[in-house]
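Notes follow the structure.
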Amino acid sequence: VLCVLGESCGDFLRKRVSKEVLPRLTSSLVKQAEVSARSGPVYTHMLAYKLQLAVLQGLGPLCVKLDL
């Protein structure tokens, strides 16, 4: 959703993403990194893994679209 919004309202969204979204995503990814590092192969079938993967796959394109 953020990637699609980034195409149409980049300047407004850039400010909001850099101040509100990126810090929360970063802290969430740090917490999940600790959990995933201790987990075994079954972790790849869990919802937490799928959400972590979706965030990591979408973060790069979002930052490019918003010129971050």
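The values are calculated or read from the model by the stated rules, or taken from the named source; none is laboratory data. Computed from a prediction, not measured in an experiment: that's the story for all the values here. What goes into the accessible areas is simple: the full protein's heavy atoms, side chains included, and nothing from ligands, DNA or RNA. Shrake-Rupley method; radii C 1.70, N 1.55, O 1.52, S 1.80 Å.
In whole percents, the pair-distance distribution calculated for the chain from its alpha-carbon pairs, binned every 10 Å from zero, is 20, 45, 25, 10, 0.
In straight-distance terms, cross-link reach from LYS31 covers every one of the aspartates and glutamates whose alpha-carbon lies under 20 Å from its own, apart from those fewer than eight places away in the same chain; here that gives GLU20. Using a probe of 1.4 angstrom and keeping all protein chains present, the accessible surface of the chain works out to 74 square angstrom per residue. With respect to the chain, whose longest principal axis is taken over its alpha-carbon atoms, helix 22-38 is tilted by about 10°.
For a straight C-alpha distance cut-off of 17 angstrom, the lysines reachable from LYS65 (same-chain residues fewer than eight places away being disregarded) are LYS15, LYS19. Using just its DSSP H runs of length 4 or more, each adding -39500 (n - 2.57), the chain gives a mean residue ellipticity at 222 nm of -23000 deg cm²/dmol after division by all residues. Taking a straight line from the alpha carbon of LYS50, these aspartates and glutamates sit under 19 Å away, with near neighbours fewer than eight places off in the same chain left out: GLU34.
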